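> Mind having a look at this structure? Questions to follow.
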Amino acid sequence: VEILDAKTREKLCFLDKVEPQATIAEIKNLFTKTQGKSLKDEDVLQKLPVGTTATLYFRDLGAQISWVTVFLTEYAGPLFIYLLFYFRVPFIYGHKYDFTSSRHSVVHLACICHSFHYVKRLLETLFVHRFSHGTMPLRNIFKNCTYYWGFAAWMAYYINHPLYTPPTYGAQQVKLALAIFVICQLGNFSIHMALRDLRPAGSKTRKIPYPTKNPFTWLFLLVSCPNYTYEVGSWIGFAIMTQCLPVALFSLVGFTQMTIWAKGKHRSYLKEFRDYPPLRMPIVPFLL
């Protein structure tokens, strides 16, 4: 089987003795083995399986941008956009509603919660998170901003609309939702701090995360990525608080994406650590 570059038609390799019954997946595995594995920045040449001569292959990853820049951009956008709708700037709801204020207390509470969430994210990006990779593809900033900014505008439009109606069960529903939101925000922050403490500054060391004395970290007993669990919980609380369909859809889409990330991280933990706790699930205790 001859493998060619799809763009240049240049021959990459020739796979010998491939069985006629071989699947495409098996051919992909053979190709990967012949091409070698990707090297990490911290790999030491002396420890690599090479002789006196080492051959390394360069791959152009395209335009890159720092993770910090991407995070700051995608989080600052929703904070600013939501406030435009909250203050009802001109050309959004009609001239007679310009810079008016909602009469419903839940609308003001929702603005506080939404703003708090994204301010927290911005501060965590600057002072808490330690990234194992310095950059990501430039195209990600457009994709991520479309997702975060678009949903923020959609949610804010309905929650701050002059015709918005409060939740069905009134103050009791709002108080329950607020409790869920606050607990999950505290939990999310606690997990981020615990993960930060696992990796010294300037290091890319990976360790198994375990619960600490902080009760919010005890969720590590059941899931590999409790930060995602708490994140989803926060948006569920916000959806209950506002009783707004766009928020529910945002929560669902976010849960779907975070489940994919959690499963990937869970598989990585299982592969890297033989003594990884067997009872943990990726994101939802006992289920998922």
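> Need the full-extension length gain, TYR147 to VAL1, defined as separation in residues times 0.36 nm minus the C-alpha distance. One decimal, nm. Please report the intermediate quantities before stating the final value.
Working: separation 146, 0.36 × 146 = 52.56 nm, distance 4.12 nm.
Net length gain for the segment: 48.4 nm.
> Keeping all protein chains in place and using 1.4 angstrom, which order do PHE91, PHE250, PHE189, PHE142 fall into by accessible surface area, from largest down?
Reading off the accessible areas and sorting them downward yields PHE91, PHE142, PHE189, PHE250.
> Only four residue types carry charge here, +1 at the Cβ of Lys and Arg and -1 at the Cβ of Asp and Glu. Report the dipole size of segment 71-140 about the Cα centre in Debye, rounded to the nearest 20.
Values: 7 positive and 3 negative charges, 15 e Å.
That gives a dipole near 80 debye.
> Same structure again: Nearest 20 debye, what's the magnitude of the dipole of segment 139-240 about its Cα centre given +1 on Lys and Arg Cβ and -1 on Asp and Glu Cβ? Can you show the working numbers first?
On the way: 9 positive and 2 negative charges, 99 e Å.
Using Cβ point charges on Lys, Arg, Asp and Glu, segment 139-240 gives about 480 debye.
> With all protein chains present, how much of the accessible area of segment 114-159 (probe radius 1.4 Å) comes from carbon and sulfur, to the nearest whole percent?
Details: 1710 of 2450 Å².
After summing per-atom areas, the C and S share lands at 70 percent.
> Give, in nm to one decimal, the length gained when the segment between ASP197 and GLN257 is fully stretched (0.36 nm per residue of separation minus the Cα-Cα distance). List each step's numbers first, then the result.
On the way: separation 60, 0.36 × 60 = 21.60 nm, distance 2.55 nm.
Gain in length upon complete extension: 19.0 nm.
> Right, another one. Need the C-alpha centroid separation for segment 154-182 versus segment 255-280, integer Å.
Segment 154-182 and segment 255-280 have Cα centres spaced 34 Å from each other.
> While we're here: Based on the Cα coordinates of segment 154-288, what is the per residue volume of their convex hull in Å³?
Working: hull volume 17.2 nm³, N = 135.
Measuring per residue, one finds 127 Å³ for the Cα hull of segment 154-288.
> Something else about it: Working only with C-alpha atoms, what are the Rg and Dmax values of segment 165-208, expressed in angstrom?
Taking only Cα atoms of segment 165-208, I get Rg and Dmax of 17.6, 50 Å.
> Grab the Cα-Cα distance for ILE112 and PHE80, subtract it from 0.36 nm times how many residues apart they are, and report the gain in nm with one decimal.
Values: separation 32, 0.36 × 32 = 11.52 nm, distance 1.27 nm.
So the extension gain works out to 10.3 nm.
> While we're on this one: To the nearest 0.05, what FRET efficiency results for PHE127 and THR100 with a Förster distance of 45 Å applied to their C-beta separation? Can you show the working numbers first?
On the way: r = 37 Å, r/R0 = 0.82.
So, using R0 = 45 Å, E works out to roughly 0.75.
The values are calculated or read from the model by the stated rules, or taken from the named source; none is laboratory data. Every value quoted in this text rests on a predicted model; they were computed, and no experiment measured them. Glycine gets a Cβ as well: all are built from the backbone with ideal geometry, and neighbour counts include every protein chain shown. Side chains are part of the model used for accessible areas, which takes the heavy atoms of the whole protein and leaves out ligands, DNA and RNA. Shrake-Rupley method; radii C 1.70, N 1.55, O 1.52, S 1.80 Å.
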